[in-house]
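Every number here is computed from the coordinates shown, using simple stated rules; none is lab data. Remember, it's a predicted structure, so these values are computed and weren't measured experimentally. For neighbour counting, all protein chains shown are included, and Cβ atoms are generated from backbone atoms with ideal geometry for every residue, glycine included.
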Amino acid sequence: MRLDLKTELFSSPENHAWLASAHGVDVGDPITLDGATFLAAFPTGIIPSGVVVGKVTATGLYRAYLTGAVDGSQTALGHLLTTIDLGGTTAGTVGNTGAALYWHGEVVEAKLPTGHGLDAGAKTALKQVRYV
């Protein structure tokens, strides 16, 4: 038995500057991301919190919100509540990954991360999110 202290760092410090308040962070919905679909926009395999996501109807998996899509992901359902590390940088090395969906609360639009995907259509769909 080892009783010495061990410290592990699982990810970079989280940047939640885009959250305008703590309202809604306690009711994030559990979702499953289709990891391979995020690699084009996030080739490092790290998806920052605040990215807008939609749900692919056929698979039930979530991917980055895409205005012109016809697979269901053209409807924004919320923002990723936490940063996600896909654990790889190629389609063959990443799989489906659990995440939390922020769908209710306040967002500081100017502080969303690069590549967040928020546009007028997403704002219209996200009726329970107030953008300040």
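If you project the alpha carbons of the stretch 31-99 onto the principal axes, what extent comes out on each, in Å, largest first?
27, 23, 19
Only Cα pairs under 8 Å and at least 6 apart count here; give the relative contact order of the chain as a rounded whole percent.
Working: 272 pairs, mean separation 41.2, N = 132.
Relative contact order, the chain: 31 percent.
When the Karplus curve 6.51 cos²θ - 1.76 cosθ + 1.60 is applied with θ = phi - 60°, which whole-Hz ³J(HN,Hα) does each residue of the stretch 127-132 get, with x for Gly and Pro?
Couplings: 5, 9, 10, 9, 9, 10 Hz.
I'd like the Karplus ³J(HN,Hα) series for the stretch 20-32: coefficients 6.51, -1.76, 1.60, θ = phi - 60°, whole numbers in Hz, and an x wherever there's a Gly or Pro.
7, 7, 7, 4, x, 6, 8, 10, x, 7, x, 9, 10
Which one of 97, 65, 112 has its Cα pushed farthest toward the positive end of the charge dipole of the chain, where Lys and Arg give +1 and Asp and Glu give -1 at the Cβ?
65
Karplus couplings for the stretch 95-101 from phi (6.51 cos²θ - 1.76 cosθ + 1.60, θ = phi - 60°), rounded to Hz, Gly and Pro as x?
Here the 3J(HN,Hα) series is x, 6, 10, x, 7, 10, 9 Hz.
Multiply the residue gap between residue 130 and residue 90 by 0.36 nm, knock off their C-alpha separation, and tell me the result in nm, one decimal place. Before the final figure, lay out the partial values.
On the way: separation 40, 0.36 × 40 = 14.40 nm, distance 3.52 nm.
Between residue 130 and residue 90, full extension yields 10.9 nm more.
List the trypsin sites (Lys or Arg not before Pro) within the stretch 86-132 that fall in a DSSP loop (any state other than H, G, I, E or B) and whose Cβ has at most 15 other Cβ atoms within 10 Å. Intermediate results must be reported in sequence, preceding the final value.
Details: sites: 111, 123, 127, 130; in loops: 127.
In loop regions of the stretch 86-132 (DSSP not H, G, I, E or B), the sparsely surrounded trypsin sites (Lys or Arg not before Pro) are 127.
Note the full-extension length gain between residue 57 and residue 16 as 0.36 nm times their separation in residues minus their Cα-Cα distance, in nm to one decimal. Mind showing how you got there, number by number?
On the way: separation 41, 0.36 × 41 = 14.76 nm, distance 2.90 nm.
The span from residue 57 to residue 16 would gain 11.9 nm if fully extended.
Collect residues whose amide H, placed 1.01 Å from N in the peptide plane, falls under 5 Å from the amide H of residue 129; neighbours closer than 5 in sequence don't count.
105
To the nearest 0.05, how large is the calculated FRET efficiency for residue 44 and residue 70 if R₀ is 35 Å and r is the Cβ-Cβ distance?
Numbers: r = 28 Å, r/R0 = 0.80.
Using R0 = 35 Å, I get an efficiency of 0.80.
Expressed in nm to one decimal, what extension gain is obtained for the pair residue 109 and residue 5 from 0.36 nm per residue of sequence separation less their Cα-Cα distance? Write down the numbers at each step before the final one.
Details: separation 104, 0.36 × 104 = 37.44 nm, distance 4.03 nm.
Stretched out fully, the residue 109 to residue 5 stretch lengthens by 33.4 nm.
If Lys and Arg each add +1 and Asp and Glu each add -1, what is the summed charge of the other residues whose beta carbon sits under 15 Å from the beta carbon of residue 112?
Details: positive: 111, 123, 130; negative: 14, 106, 109, 119.
With Lys, Arg at +1 and Asp, Glu at -1, the net is -1.
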